[in-house]
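These notes concern the structure reproduced below.
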Amino acid sequence: MHDYAMLADGDRVMVAVSGGVDSNVLAWLLKFWQSKAPIRYTIRSVHIDNGFRSPDSPSFDSSEKIAELMAELGIDHTTVAARQLEGELSCYLCARNRRSQLFDLAREWQVNKIAFGHHVDDLIETLYLNMIYSGNISTMVPKQTLFGGEVDIIRPLAYLEKEEIRGVASALAVEPIKNHCPLERDTRRQKVREMLGELYRREPKAKDSLFRAMANVRQDYLLQSN
């Protein structure tokens, strides 16, 4: 939070919640920090509902469970139906559509910060996704200013690993809410996650080195772009 000056007095923060353990813990954290921070900021959460339902439990509505959790945390919450996508469903198109909708909501609600629950593992996975599939070296950053300073994306969990977040969630009894996306287990990210998992098993210190490497780029030892 301090390294990237993520929050300032008077900020209006929108937390994007999916129901997963990461965004649930993030919502709790920002609400908890509100009473501790030497600044004042407001929080509201939003869930973009894609309408995915379990074929085994079609009556189970994850968006309702997310709304109940946010109410328990004392956070003003809104569920918004996702815009319809044209063509074949893919993670890239779905994520781009969701991000665009969040930006529009930020303008409508006049919030200046959008908070995501991305963590160490997400940042490393994104680095590998971009290298393997897009041919560039880049990742998600803890704070990103967009639209000429109109809004900042912040990722307050960027220094935490997934297992640490699960530990926090367990201590707080904050349960994840099942994601019923039909592509959840068949994505490029999942393939990269499995590949990195095998690397971490072979080299237990690799994750820490990879994370530090993203802030230790030696430009003189990279190829020139054509």
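The values are calculated or read from the model by the stated rules, or taken from the named source; none is laboratory data. Here the structure is a predicted model, which is why all the values come from computation and not from measurement. For neighbour counting, all protein chains shown are included, and Cβ atoms are generated from backbone atoms with ideal geometry for every residue, glycine included.
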Query raised in the report: Right, Ile165: out of contact with any helix residue (DSSP H, G or I) (no Cβ under 6 Å at 6 or more places or on another chain), surrounded by 12 or more Cβ atoms within 10 Å (Cβ to Cβ), among the hydrophobic types (A, V, I, L, M, F, W, C) and in a helix (DSSP H, G or I) or not?
Result: no
Query raised in the report: For the stretch 41-49, does any single residue satisfy the condition of being of a type outside the set (Lys, Arg), in contact with a Ser or Thr (Cβ under 7 Å, 6 or more places away or on another chain) and either on the phi > 0 side of the Ramachandran plot or buried (at least 21 other Cβ atoms within 10 Å of the Cβ) (or both)?
Result: yes
Query raised in the report: Looking only at the stretch 1-27, which residues are under 13 Å from Ser45 (Cβ atoms), surrounded by 20 or more Cβ atoms within 10 Å (Cβ to Cβ) and modelled with pLDDT of 95 or more?
Result: Val13, Met14, Val15, Ala16, Val17, Ser23, Asn24, Val25, Leu26, Ala27
Query raised in the report: How many of the residues making up the stretch 191-221 are touching a residue at least 24 places away in the same chain (Cβ under 8 Å) and either over 17 Å from Leu129 (Cα atoms) or not basic (Lys, Arg) (or both)?
Result: 7
Report summary line: Taking the stretch 132-147 and the residues there that are in a loop (DSSP other than H, G, I, E, B) and either among the small types (Gly, Ala, Ser) or modelled with pLDDT under 95 (or both), the one that is farthest from the chain's Cα centre (by Cα) would be Gly135
Query raised in the report: Quick one: in the stretch 146-190, which of the residues that are in contact (Cβ under 8 Å) with a residue 12 or more places away in the chain and of a type in the set (Gly, Ala, Ser) is nearest to Gly19 (Cα to Cα)?
Result: Ala169
Query raised in the report: Somewhere in the stretch 208-223, is a residue among the basic types (Lys, Arg) and surrounded by 14 or more Cβ atoms within 10 Å (Cβ to Cβ)?
Result: no
Report summary line: Reported set for the stretch 174-199 where residues are modelled with pLDDT of 95 or more and either within 30 Å of Phe32 (Cβ to Cβ) or in contact with a Leu (Cβ under 7 Å, 6 or more places away or on another chain) (or both) is Val192, Arg193
Report summary line: Scanning the stretch 92-131 residue by residue, those over 12 Å from the mean Cα position of the chain (by Cα) and hydroxyl-bearing (Ser, Thr, Tyr) turn out to be Tyr92, Ser100, Tyr128
Report summary line: Filtering the stretch 102-129 down to residues that are crowded, with 16+ Cβ neighbours inside 10 Å and farther than 20 Å from Leu26 by Cα yields Leu127, Tyr128, Leu129
